[in-house]
Every structure is written in C-alpha cells, then in structure tokens.
1. Considering only protein heavy atoms, what per residue accessible area in square angstrom results for the protein assembly as shown with a 1.4 angstrom probe?
2. Once you have the Kirkwood Rh of chain B from its Cα pairs, apply Stokes-Einstein at 10 °C and 1.306 mPa s and quote D in µm²/s.
3. Ignoring ligands, DNA and RNA and using a 1.4 Å probe, state the total buried accessible area between B and A in Å², rounded to the nearest 100.
4. In debye to the nearest 20, how big a dipole does segment A:79-227 give about its Cα centre with +1 on each Lys and Arg Cβ and -1 on each Asp and Glu Cβ?
5. Ignoring ligands, DNA and RNA, what percent of the accessible area of the protein assembly as shown is carbon or sulfur (1.4 Å)?
6. Taking the Cα centroid of segment B:402-432 and of segment B:33-78, what is the distance between the two, rounded to the nearest whole Å?
7. So how strong a dipole does the protein assembly as shown carry about its Cα centre when Lys and Arg Cβ are +1 and Asp and Glu Cβ are -1, to the nearest 20 debye?
8. ³J(HN,Hα) across segment B:89-94 via Karplus (A = 6.51, B = -1.76, C = 1.60, θ = phi - 60°), whole Hz, x for Gly/Pro?
Amino acid sequence: MPVFDLAKTPLREFNAALHSVGNGDNDTAFEVLNPRGSHALAVGIDQPLSVDVRGSVGYYCAGMNDGGAVTVHGSAGPGVAENMMTGTVTIEGDASQYAGATGRGGLLVIKGNAASRCGISMKGIDIVVHGNIGHMSAFMAQSGHLVVLGDAGEALGDSLYEAKLFVRGEVKSLGADCVEKEMRPEHIEVLAGLLEKAGADAKPEEFKRYGSARTLYNFNIDNADAY
Amino acid sequence: MSYHNPHTPPRKSATFDDYTLAEIRRAAATGIYDIRGAGAKRKVPHFDDLLFLGASISRYPLEGYRERCDTSVTLGTRFAKKPIELKIPITIAGMSFGALSGPAKEALGRGATIAGTSTTTGDGGMTNEERGHSEKLVYQYLPSRYGMNPTDLRRADAIEVVVGQGAKPGGGGMLLGQKISDRVAEMRTLPKGIDQRSACRHPDWTGPDDLEIKILELREITNWEKPIYIKVGGARPYYDTALAVKAGADCVVLDGMQGGTAATQDVFIENVGMPTLACVRPAVQALQDLGMHREVQLIVSGGIRSGADVAKALALGADAVAIGTAALVALGDNDPHLEAEYQKLGTTAGAYDDWHEGRDPAGITTQDPVLAARVDPVAAGRRLANYLKVMTLEAQTIARACGHNRLANLEPEDLCALTMEAAAMAKVPLAGTDWYPGKAGF
Ligand SMILES: Cc1cc2nc3c(=O)[nH]c(=O)nc-3n(C[C@H](O)[C@H](O)[C@H](O)COP(=O)(O)O)c2cc1C
C-alpha cells in the first residue's frame, strides 16, 4: 500500500500518483499521513482507488471524484467531494460549507455535522449526514438525495428542483418553493438503501420528505415575492 | 380682422420619449420585466472615440503587404504547462449550447479553427460537435456548473472561471423553458421545458482567497497543464484584475457593458457595468502595478466589431480580444435576407434580440431543429473565418501604418481621443492636445 506523508511529500506528487494509476494496476490502496488541512487533496481521481486520509483536510478534498473510495479520518473543509461523479467519500468527522456541491453521482457520507449549503446545486449525488446540516442546504438542488439524521438549518431546499430531501430531526425553516411531501413506499425503499449504505442506524419511517412545489419552474409575476 | 392665434407644434418629452412610454405600457400590461439578448443598445463612449495617429517624420511606417506584421499571441504563459498559441489575437467568446444551436456552435468551432484561434463553451457544458470542430477549446467553469465534469475538463485546452459578464455584472443566467430541448435538459440535469436559472455566485467559493484554492483544485485535477482564465464583467476592473492575478489566473478576460448576452433583463443590460473603453486602462494598470503585464494576458471583449477595435484594444494594453455578437452576425444572425420573417416576429433585421424565445429565423439562437437546420456549419464557419481574417488584416494595416511589426507592439502613444470622455477613459490625449482629463500637472 503506497503511503504518502504530506509532511515530507508535496501535494502535487501525491495527486499525480493517484492520476497515474492505470486500469488494472495493483497498488490501488493509498494512505495519507499528516494531511495538515491541505487543500485539493485527492482531487480528480478517475480510477476505482481507495484513499485513507489520517487527519483533517482543507478545501475541496476528493473534488470531482470519479470512482474513488476516499475516507477522511478527521474533518473536512469547504466543498468536500464537490462535483463528484461516482464513488464514495466518507468523512468521519464534520464537514464545512458546500459539502457535495454540484455532485452528479456517488455517495458522500458525513459522520458528524455539515455546515451551511450542504448539497448546494446537487445534480444526482446522494449525501447522508449523520448529524445536523446548516442553513441554505440543498439550495437549487437539481437531483439526487440528501439524507439528514439530525436537524436542518434555515431555508432548507430553497429554489429546489428535483432533488429529494429526507430529514429526521427538526427543520428550522423551508426555503422558497420547498414543501413537505408524502413519504410513499418507493421513498422508504430508497431511503432504507441509503441509510444502509451509509452505515446509519435509523429507520426510514422516522424521516420526513421534502421536495419542490414546482411553482417557480416557469416565471410568473405573482410569485415575484418568492424569487 | 380676425386674429389668428399662433400655436406651437405638439412637443414630446425628452425624458418620456416614445420608447420609454411604450416600455411603461408594456410593463403595465404584462407585469414582467423585459428580457432580451444582445448587449447594451444605448450609446456609450467606445473605441469609435479613439483614432490612430499613423506614422510621421518621427516614426516611419512599414510597407503594407511586404513587411511582416506578426499577429500571434500566446495565452497562459504564467503557470500552465501547455499555454495556448493563437495565430490571431481574436478569440470567440463563451456562448452556451442551449443559448445557441448545435450547428451554430459547430460553425463557431470550424471558423475559429480555420483562422487559427480558440472558441469557448458556455453555460451548459461541452458538446462533442464543438470539441470535435474546435482545434482549441476553452471550457467555461460557471456558477451553475451545468454539464461540468472532469473528463471534459481534461479534454479542454484552457479553463475559464466565469465570475461575471459585461452585460450583467453581478447577475446570473437564465434560459427560458422554450429553449430547453431534451438534449439541453439532459446536459443540465433538469426537467424539460422549465426556466433555468443559473446562479450568480459560485456554489463553493466566495471571494479571492477561496478562488485561489479553487484554481489550485482545477490545476491539480488537470495536472497543471491548462491555462486558467478568470472572466469578469466590467465593473471594478482595477481591483478585479488585481484579485484575479492574486488568485493565480493565467489570463484575465474583461467584458465591458456592451458585451452580448443570450438572455438578461433589459434594465440590467442597459444600466449595470462600465463601457469596455473605460475598463481597459484600469485593468492594464493593475497588471503593471503588479509587474504582471504581458505575463498574465488580458483578453478584452464587449462591442468588438472590426480590426480597428482590435487594434485599439491592443494599443491600450490588451493581449487579445474576444467576440460574441459579431461572430453571430458573421454566421448569419439578423441578416436582412430574413426581413420578412423578422417582420412576422414584430421586429426588423438588425434589431432582433428576442434570442431567449428560441424562434430565431437564422437558426442560431434556437433549439428548434427545423430552424437550427438552416445553419450550414461549413458555410457559416467559412464566413466566420473570412470575417476573422478581414479583422486581422485591418488591424495589421493600422499597426504597419503606426510602424509596428507586431500587433502586440501597438501602444497608447499611437492614439488620440475625439472626446473628453474617451480621453479620460482611455488616458490618451484629446486630439490636438497633449492633455487628458486627470493627467497630472494640469
Ligand atoms: C448568445 C450569447 C450567449 C452567451 N453565453 C455566455 C455564456 O454562456 N457564458 C459567458 O461567460 N458569456 C456568455 N456570453 C457573453 C460572451 O461570452 C461575451 O462576453 C460577449 O458576447 C462579448 O461581447 P460582444 O457580444 O459585444 O462581442 C454570451 C453572449 C451571447 C451573445
């Protein structure tokens, strides 16, 4: 297993090593020591690799991940797993703002809490947060699932498109055009699957579902106050 | 004898002119602000207000057609391992697939490639047609991140982080439901037929310190190969340029208020942002103050129409220009031969700007397959290439007359201004004087 100690190795060398792994290579399990809050760590992975980061990371860890399984044994700064395509990113601690922003696929699991704007503009990613999430989460979220075992801050799902939001705890307030929706059997099923994949100890029936009222989909002057 | 009372003719208000009155009535009837395409239509100080001095006893000209006048430019020399080399300093600005039809995007790629320059994607992602037909393609990284993915990022030749646009500094984008075809909807991960709002701020960074880290991420993903541009709308060009340099840009794209748009509120287009002419010198000053002029390249856009405009932008310190509207006109937009169809839409050739409605008779700003099929990408691309060549020849003609063997050697000393405003904005002397407003010592 290749081990990179970022106290001794430059970030560039580590990311370049990840990018040089080819299809069918054997050494695909990487370990990172002393990440010391580095930004842009393990970004642009394009192979089914695994990366274990022993410590906390800065901005954009696992950005644009396409196939990697990245685990941060610590907390993550802003924009973790931004624009993820496929793969899994797990944060054992907390995550800062914009976790999973614009993600298109894959699974982001945050074992602690996530700050504001979690899942902003998400486009197909699944995000499971074991703790709470901050304000303006799932703003303009287009597609995918955001699951929160704890509480959600103000203006959840503002200007939401087709993403589905599941919250077990309290929602401080809903954003424009976001409404509570009926939990149908198909939602329970999807949620059960996500909870299982994320190793979350919760029952789907304890959650409420939120989605778009779709009243802002085509401009109407009588909705001007909502924009 | 009857006294004939003399009377004055009816007088219309300059403040409440016919256009203003019509707009008030339109707003009252519809309850919606006016959305349209294209750039500012009001008259603002522009490159027309500058003239070249040409050669004289103190400077001799180069022989037209005989002595070489180099037009090439290299963009991205600061950090990128693979800078972009262009044969001409005129690039095609970012215009989205979605706003433009597939054949129009292909034509832009073909024309730019023949002319030896780059073209740019837009809000909505990269299409295979456009990648395939563009030898050099700049991939825009926008707030909406529609269509953004690492594969396209890696197959781009440069990355342009869009912070703002001259037509709407501080504004987001919109693509109205009429233009959301199946393909456009799929590329943007949204349902068909709904209005698409593109955010005005990036979802995962705010401010220059974050931007610096965002650029680090993009460079790490792409192995530090690609030049990274930052595009800003003409609002605070000195500070925006300085902050773009600080954030690690290889190039700054500066788009003045005349810059075109696919769809924006008219009130925004006409009332927000600074004229292109007023933006160039402050941006160049910022680069000079940081010792980065020519090291970080400056690309200027917004109302560039001719080789004279190109030469003037370069003389003020830009390294290259970008064109949007003019390129669409070269493809066939607003062409008088379609007058009958423009009339049916309640407009006239040259004024058609309802690009957001998707009914463009020229097939350019539409997703209607029947209309889009009117664009022959090969012929339209050829017209664009011709136009780019003419602009280049024009700029060379001027540069030679000013005694320069490279377009890049044009300088402010080659210029004078026709108006006080232009003199102040471009910091070149008012014609016949050695003075411009604000110049120290006067
Ligand atoms: C139809 C159209 C679509 C545009 N789409 C985008 C876009 O997606 N992203 C962007 O940064 N600018 C966009 N622009 C602005 C151009 O990139 C450019 O800044 C502007 O057109 C330059 O001014 P000019 O039209 O006067 O040449 C668009 C412009 C037009 C005309």
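The values are calculated or read from the model by the stated rules, or taken from the named source; none is laboratory data. None of the values given here were measured: they were computed from a predicted structure. Positions of Cβ are backbone-derived with ideal geometry, glycine not excepted, and every protein chain shown enters the neighbour counts. Areas reflect the complete protein model, heavy atoms only, side chains present, ligands, DNA and RNA absent. Shrake-Rupley method; radii C 1.70, N 1.55, O 1.52, S 1.80 Å.
1. Working: 26780 Å² over 669 residues.
Accessible area per residue: 40 Å².
2. Details: Rh = 22.6 Å.
Approximately 70 µm²/s, per Stokes-Einstein.
3. On the way: alone 19930 and 10010 Å², together 26780 Å².
Summed over both sides, the interface buries about 3200 Å².
4. Details: 14 positive and 20 negative charges, 53 e Å.
Rounded to the nearest 20 debye, it is 260 debye.
5. Numbers: 14130 of 26780 Å².
Ligands and nucleic acids excluded, carbon and sulfur reach 53 percent.
6. 10 Å
7. Numbers: 67 positive and 81 negative charges, 220 e Å.
Computed about the Cα centre, the dipole is about 1060 debye.
8. Working through the residues one at a time gives x, 10, 10, 9, 6, x Hz.
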